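Engineer: Below is a structure I'd like to ask you about.
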Amino acid sequence: MTVKAVLVIGAGGGIGQALVSQFANFYPSATVYAVSRSQLDFSQANVIHSTLNSDVDADVLKWLKSQDVQFDLVIGAMGLLHGEYNGTPVMPEKKLEDIITAQMQAYFHINTIVPSIWIKHLVKYMNTQKSIVCFLSARVGSIEDNRMGGWYGYRASKAALNMIMKTASIEYRRRTKHTAFVSYHPGTVDSNLSKPFQANVKPEKLFSAEYTAARLCTILTEINVEEGPYFLDWDNKPVSW
């Protein structure tokens, strides 16, 4: 697949920054558009960065429209597992009693709603010949694979993202013809997202952001855009929806 334009949403995180650099180097003749809430500087000349004032910024959408661009690849790297969102402390629930409304709303807003709004707008910007829309999901979002329980908000919001991806892929087929959707489980990445949960991870299963970006870049070159949607892990193996 010829790649001339790549969009990385959520470029401010550890994985997001690694993705921008990886795609810029892997496709030196392409333009990589990076959007994030924070101001960033990338060394590659083929990277164009724009700062978001909100999760889905109308000004950024106008900017993308002014670029008169059709994206061959779109990567969504946003995600919330722990921390704080709009003053609400967020930490995966261990038991039912830990479920609270504000935290569930935070999980769904970042992990499901924001990707959904981007997907809504991106249908106008995809290359109708061949293109891929990929958002970072998680194996714990697999309904069939859930054997341990817990993590209600994160699991549910990622499962909901997967359903959005599957559902949107049907409509994209009617409107853009040749766009494949990929929900991607990167494994446990050594980033701020996973810091509190790395203690029991085997060293060989704790991946660097650079490795994660390289694996995703390689996997996307092997995607058949006429098929899908896909739910894949870092080893290019299917994950149960």
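Engineer: Can you divide the C-alpha Rg of the range 2-128 by 2.2 N^0.38 Å and report the result to two decimal places? Show your work: numbers first, answer last.
Structural biologist: Values: Rg = 16.1 Å, N = 127, 2.2 N^0.38 = 13.9 Å.
Dividing the Cα Rg of the range 2-128 by 2.2 N^0.38 Å gives 1.16.
Engineer: Taking the Cα-to-Cβ direction at THR218 and at GLN129 and moving 7 Å from each Cα, how far apart do the two end points lie in nm?
Structural biologist: Those two pseudo-labels are separated by 2.8 nm.
Engineer: For the charge dipole of the chain, defined by +1 on Lys and Arg C-beta atoms and -1 on Asp and Glu C-beta atoms about the Cα centroid, which residue among THR128, CYS217, GLN103 has the Cα displaced farthest towards the positive pole?
Structural biologist: Farthest along the dipole direction, towards plus: THR128.
Engineer: Please arrange ARG155, ARG37 by how many other C-beta atoms lie within 10 Å of their C-beta, fewest to most.
Structural biologist: Listing ARG155, ARG37 from fewest to most nearby Cβ atoms yields ARG37, ARG155.
Engineer: Per 0.36 nm of contour for each residue apart, how much would the distance between GLU144 and ASP98 grow if the chain were fully extended, relative to their Cα-Cα spacing?
Structural biologist: Values: separation 46, 0.36 × 46 = 16.56 nm, distance 2.30 nm.
Between GLU144 and ASP98, full extension yields 14.3 nm more.
Engineer: Could I ask something else about it? How far apart, in nm, are two points set 7 Å out from the Cα along the Cα-to-Cβ line at MET91 and at GLU227?
Structural biologist: Label-label distance for MET91 and GLU227, simple model: 4.4 nm.
Engineer: Still on this structure, I have one more. If I fit a long axis through the Cα atoms of helix 209-221 and take the longest principal axis of the Cα atoms of the chain, what angle between them do I get, 0 to 90°, rounded to 10?
Structural biologist: 50 degrees
Engineer: If packing is taken as the average number of other Cβ atoms within 10 Å across a peptide's residues, how do 27-35, 179-187 rank, most packed first?
Structural biologist: Peptide ranking by packing, descending: 179-187, 27-35.
Engineer: Evaluate the charge dipole of the range 5-233 about its Cα centre and quote only its size in Debye, nearest 20, assuming +1 on the Cβ of each Lys and Arg and -1 on the Cβ of each Asp and Glu.
Structural biologist: Values: 21 positive and 20 negative charges, 88 e Å.
Computed about the Cα centre, the dipole is about 420 debye.
Engineer: Separate question: Going by average Cβ neighbours within 10 Å, how do the peptides 163-170, 10-17, 38-45 rank, with the highest at the top?
Structural biologist: 10-17, 163-170, 38-45
Engineer: Residue separation times 0.36 nm, minus the C-alpha to C-alpha distance between GLU84 and ARG175: what's the value?
Structural biologist: Contour length minus Cα-Cα distance gives 29.0 nm.
Engineer: Within the set LYS4/LYS237; LYS62/LYS120; LYS65/LYS120; LYS130/LYS177; LYS4/LYS120; LYS94/LYS237, which residue pairs have Cα atoms separated by over 18 Å?
Structural biologist: LYS4/LYS237; LYS4/LYS120; LYS94/LYS237
Engineer: Sorted by packing (mean other beta-carbon atoms within 10 Å per residue), highest first, where do 112-122, 63-73 land?
Structural biologist: 112-122, 63-73
Engineer: Okay, moving on. Sorted from largest down, what three extents in whole angstroms do the Cα atoms of the chain have along their principal axes?
Structural biologist: 50, 36, 34
No lab work stands behind these numbers, since they all come straight from the coordinates. In this text the structure is predicted, and so the values were computed from the model without any measurement. No Cβ is skipped: glycine too gets one built from the backbone with ideal geometry, and neighbour counts run over all protein chains shown.
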